[in-house]
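The next block holds one structure in the form of structure tokens; read it before the comments.
Throughout, read-outs are computed from the coordinates displayed, never taken from laboratory work. Just so you know, these numbers come straight off a predicted model, no measurement behind them. Methodologically, a virtual Cβ is constructed for each residue, glycine included, from the backbone with ideal geometry; neighbour enumeration extends over all protein chains shown.
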Amino acid sequence: MNLGIGWVNGFAPLSGIILLLILVTMAICSMQWVRSGGHFGIFYWTHLLYLPFYVFLILHARDFWKWIVGPLSIFLLEKLYSIFARYMSGIGRTFIHTVTIEQSNVISLTIHRPKHFSFQPGDYVSINLPRVALYEYHPFTISSAPEETDLIRVHIQAVGNWTKRVYKRFDEMSDEEALENQVGISHADIHPQEFAAHAQNLEQTEIDEVEVERIENFRTESDVREGKREPIFVKGPYSSCARYVFDCKHVVLIGGGIGVTPYASILSSLMAQFCASSIICKHCNRTNYLSTGLSGKRRLRKVDFVWVSPDYKSFEWFLNLLRQFEQEQENYLALNPNEKRFLDLHLYFTGIKHEDNIGNAPLELATRVFAQVAGHDIFTSLKSKTNFGRPSWEKIFNRFISGENASTSRDVSVFFCGPSSMGEAIKRESAICHFRYFEEKF
């Protein structure tokens, strides 16, 4: 038996056993029940065993270093850049400006956008809140538009160990602590109607004027004062399939619950571009639009937005954007009657219990009568109707390729983000209708 094998003479058998133990430890501690069971620290620290793993692997085989030196050098350079970017204020290190506690255990973080941070609609970032967990990074889709140059916004639903701690930290933060950390906290969950009524003014006035002014002021202050803010580290952005929306002709955006966030950024961007095309006449103060209107110079010509949620309360944080878009579209179509509708909304409320004998007929009748009298939906205040129960994907998809102004199958692309069970049904129906199907993992 030749015991003189290995880079270090005779070390190969022992190093092989060590490598096996390290690999088994990393595999066990990477299991879902460890990561999601409140033991992320165990997963994180044991995963760093990859460093001694590579060392022992090089010592284990005489010529292994020749094959690993190139990839390992690139890997180490990327790690050094990540560490450098984490602490650079213009790239990854920033602070939380405002927090909104939404309904349905959702929290919205408005983050000061680093100077050199650039992203596209549908992109996502990994964020780290050191005052919640020092080393944990978690991915979230950016729900704000790239046109909002001074901030980025993410929506987080408290469903896991880390997300629940984030929600609890800001939900229970006292006024004194919030003032000390210079973070504004709003509770849309306590007064949802009042908050929704002032949401538009709040965003336009506070974000565009007050917040930007405060951000500029804080840039000139000392590092000590900046260190008192609520810190957050941002990695990214990273692209997703939603980035291809603007390359399609007719897109169907489908979100299940909080899975709507990738499309919040897309719709916000479309809304910002549409508002940028509006012109106010100096003589009569009337608003008009450039000839490009909603379509612009993009390939995208039609958007159908489908949102499926257990209850209408989940719509609250997103309704303001939908109302603005709906109103802008109505104004545009009133001035340009020959133009086609660009955006259609399809909202489904699945929280109502279905009675076998009468179904949802009484509730649908009541909402229809209310809409005829008031001119908007009783639940969402949108002109678009809120549907009850689970959607029939066959009926919905058939509408897109039949009737007036229908698209051809090859022009329709379906983008989905939500529960996997819903995604399977949508994928099957997309294949039947010959639609292109894209899914972002929920």
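Brief remarks follow.
- Inter-label distance, nm, simple model (7 Å from Cα along the C-beta direction), residue 182/residue 402: 6.0 nm
- Listed residue pairs exceeding 23 Å between alpha carbons, taken from 249/383; 302/427; 115/228; 340/385; 79/235; 235/441: 249/383
- Near-label residues of the range 95-115 by backbone N, under 15 Å of a point 7 Å along Cα→Cβ of residue 149: 113-115
- Potential lengthening between residue 21 and residue 436 on full extension [0.36 nm per residue; Cα-Cα distance subtracted]: 144.9 nm
- In terms of packing, defined here as the mean over residues of other Cβ atoms within 10 angstrom, the peptides 75-85, 262-272 line up highest first as 262-272, 75-85.
- Between residue 336 and residue 279, full extension at 0.36 nm per residue minus the direct alpha carbon distance yields a gain of 19.1 nm.
- Listed peptides 94-103, 21-30 appear in the order 94-103, 21-30 once ranked by packing, highest mean of other Cβ atoms within 10 Å at the front.
- Highest mean first, the peptides 278-286, 393-401 sorted by other C-beta atoms within 10 Å per residue fall in the order 393-401, 278-286.
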